[in-house]
1. Any idea which of B:403, B:342 is part of a helix (DSSP H, G or I) and closer than 23 Å to residue B:9 by Cα?
2. What residue, of B:30, B:65, is at pLDDT 90 or above and outside any helix (DSSP H, G or I)?
3. Considering only residues that are in contact with a helix residue (DSSP H, G or I) (Cβ under 7 Å, 6 or more places away or on another chain) and assigned to a helix (DSSP H, G or I), which ones fall in the range A:177-200?
4. Is it true that residue B:155 is closer than 18 Å to residue B:259 by Cα and either free of Cβ contacts under 8 Å to residues at least 60 places away in the same chain or assigned to a helix (DSSP H, G or I) (or both)?
5. In the range A:85-95, how many residues are in contact with a strand residue (DSSP E or B) (Cβ under 7 Å, 6 or more places away or on another chain), buried (at least 20 other Cβ atoms within 10 Å of the Cβ) and more than 8 Å from chain B (Cβ to nearest Cβ)?
6. Can you find even one residue in the range A:42-64 that is part of a strand (DSSP E or B), within 16 Å of the chain's Cα centre (by Cα), modelled with pLDDT of 90 or more and crowded, with 20+ Cβ neighbours inside 10 Å?
7. Has the range B:388-408 got at least one residue that is more than 14 Å from chain A (Cβ to nearest Cβ), in contact (Cβ under 8 Å) with a residue 24 or more places away in the chain and within 30 Å of residue A:48 (Cβ to Cβ)?
C-alpha cells in the first residue's frame, strides 16, 4: 500500500566499498518535518541528492522513492517537483530578486501580469516588498535565504528537501528563518526532509529524527 | 547531437592535421600524383641536403628556437618570482593580456622599426652621441645570427608564458607556500623559485612546449626579423612552396617534414632536460641557503623581463607614430611633418581587409565557442571525467608546425575544388582558434558551482533552459574573454590564410607581411597598426560589455 507524502523504500547508497545508507525505509506525511542527522560524510547530502535526482554517478544507489504514491525513478531532476534548499542560497547572480522568483514560478501561471502578481505576493509573504528590483548580492543573508525559500515554493513543489539551509545564518536569524521555513512547509502541507548535524535544528523541527549512523 | 560533440570537435581539429601531414610526407619522398610524380624516392631529401644554405638554416632554426624559449622562460620566471605577493604581480597581470592579443606580425614590424639601423633607437642617439647622420651600415634587423629574431620572439613569448604562469599560481596555493617559506627565513623571490616554481612548471609544461614549437617553426616573425639568406628552415620551406617552380615542391615538402621532426625532437630533448634540471633544483633546495647571489640575479633578469614588456608596448606605439608621419628623415627624433594622408590614401583597402579579417575571426570564434560549449555541456550532463589525453589532443595544433601540414591541406583542398574559399580559410583558422577558446573556457565552466544547475532543476527547469538561462549568463564574462582570445588568435594567423586562401583571400596579416618587405614604413605602419588594434578593441569590448550589462549585479563582478 502507498501513502500520501514522501516515501522511501529500502534506499541504500554506496560509494566504492563503503555503504553510506543501508536499506532506509521512511514515510514523511504531508506537513510533517522529519530530520535526518549524522556527522559529515555520513551520506545525508547524498540521500537528498538521490531523492532530488542528481546523485553523482560515483555513487551507487538502490531502492524506491515514491511521491504521493508514484515512483520517481524514471523522472529527471526537473520533472520530480521536489524543492530543495541548500546551505547557500544559490540565488542566480545575473537576475534581480524578481527575476529569480519568476524563474522559479511554475509555468502553469500564465501571462506576464499574473506571473508578476504571484511573484510580488511571494515577496510580500517574505516581508520583502521593497526589494523586487534589487540585485540579490546587495541583500542581507537572512533576506537572501527568504528569497531562496520563496523561489523554491513558487515552483509548486510536492515535497521539500532542506540540506542544512540554516547552517550559515547567525543565531537569532537562524531561529527566525527556521520558523519561517517550517511554517510555510506546514501551511502548504509539504512532506519535508531536513538534513542537519545541529541538534537544535532537529528539536525545532519537532518531528521524528532519523540517525544515519545508527541506520 | 550533444553526445557527438567531442567526436565532431576532434575530427574538425585533428582531421586536417593528420591528412595534411600525410599530404606533405608524400611529396617529401617524391610522391605527388597531381604533378605526375608516382614513384617514391629520396631525391627531395638529396636536393634539400645539397642546398647551399641548408646546414646554416638548420642551425639557425635550432639556435633561435631554443634560444628564444629559454630566454622567455627565464624572463617569465624572474618577473613572477620578483613580483609574487606584491602589487607588481597584479600590475603584471593587468599589463600582459593586451600583449597576448597583439599579433606576432605587428610586434615584429614595430620592433623592427625600433631597432633598425634607421630605427627609433638609432635616431634617439644620433647624431649627438653616435655621430651618425646617415643610418649605420651594419644589420640590426635580419642579422645572420638571428639575434633580432630571438629578441622579437622573446617579446611575445615572455608575455604568453608569464600569463600562463600567473594563471597557474591559482592552482598551486602560491600564497600559502610563500608565507610558509617566509616564516622559515626565505626571501620572497627565493621562496618562489624553491617551492612555487616547480609546481607551476608542471602546470605550464604544455604552454612551454607550445612556445618552443612556435619559436622553432614560425614563418611570419622569421620573415620580418630573421636573416634572409639563409633563412630559417620553415621560411626556406615556405619560400619554395610559394615559388612558381613546381619542382621545388619536393624539397619544400622535405624541409617541412624535417621541420616537423625538428620540433618533435626539440620537445623531446626539452622534456629530457627537465630531468637533470629538476635534480639540480632539488639538490639546491636541500642545501637550505637563505641568501646569496640569486636575489640580485633574479632582480637583474626581471629587469630584462620588464624591458621586454616595455619594448613590446613600444613596438605597438611606434606603429602609431609612423602611420601619422609624413616626412621623417634620419636622424630626426620625431617626424618633421605629420599627416593623415597615408591613412586617407589606404583607408578603403584597410577597411576592406579589416572587414575580411574580422569576418573570418568572428565566424571561426563562434564555431569554436559552439563546439567548446557543446563538449563542456555534454561532459557535465553525462558526468564524464576528462583525462589528460584530451588536453594533449587540444595542444596538437599548437605543437605541430604549421608548415608541416598546410601544404598537404592545400593539395587536398585543390583536389576538392575547395581552395581559396572562405569556408576553407575559416576551417583552417578554427584549428588554431578552438584550442585557445577551449582551454580558456573549460576552467570557468567546470568551476561553476553545480548546485546552481541543481537548484534550477529542482525548480523544474530543463537542461537546455538551465544551459541558456543560468549557465551562459553567469559565465558571460568568461565567454567574452574566450571569444576575444579566439578572435585575436585568428587575426594573428599568417600561414593558414596563405595556404588555404590560394591568394584569393587576404587578411590584414597577410597584407602586412607582404608589405613589410617593401620600403614605405608609413604604409606598413597603417596596416600593422590596424592589425594590432583590431583584437585590442575586441578584447576591450569583451571586458566592458559584461561590466555594463551587469553593472547592478555585484555577485558577478
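1. B:403
2. Details: B:65 fails: outside any helix (DSSP H, G or I).
Answer to the selection: B:30.
3. Across the range A:177-200, the qualifying residues are A:177, A:178, A:180, A:181, A:182, A:184.
4. Numbers: closer than 18 Å to residue B:259 by Cα: no; either free of Cβ contacts under 8 Å to residues at least 60 places away in the same chain or assigned to a helix (DSSP H, G or I) (or both): yes.
In short, no.
5. Residues flagged as in contact with a strand residue (DSSP E or B) (Cβ under 7 Å, 6 or more places away or on another chain), buried (at least 20 other Cβ atoms within 10 Å of the Cβ) and more than 8 Å from chain B (Cβ to nearest Cβ) within the range A:85-95 amount to 1.
6. Initial filter on the range A:42-64 (part of a strand (DSSP E or B)): A:59-64.
Remaining after also requiring within 16 Å of the chain's Cα centre (by Cα): none.
The answer is no; no qualifying residue exists.
7. No, the range B:388-408 contains no residue that is more than 14 Å from chain A (Cβ to nearest Cβ), in contact (Cβ under 8 Å) with a residue 24 or more places away in the chain and within 30 Å of residue A:48 (Cβ to Cβ).
Residue by residue, here is whether (1) within 23 Å of residue B:213 (Cβ to Cβ); (2) assigned by TED's automatic domain parsing to the domain that holds residue B:103; (3) over 30 Å from the mean Cα position of the chain (by Cα) holds:
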{"site": "B:141", "(1), (2), (3)": "no, yes, no"}
{"site": "B:154", "(1), (2), (3)": "yes, yes, no"}
{"site": "B:167", "(1), (2), (3)": "yes, yes, no"}
{"site": "B:177", "(1), (2), (3)": "no, yes, yes"}
{"site": "B:186", "(1), (2), (3)": "no, yes, yes"}
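The values are calculated or read from the model by the stated rules, or taken from the named source; none is laboratory data. In this text the structure is predicted, and so the values were computed from the model without any measurement. Quick reminder, even Gly has a Cβ in these numbers, built from the backbone with ideal geometry, and neighbours come from all protein chains shown.
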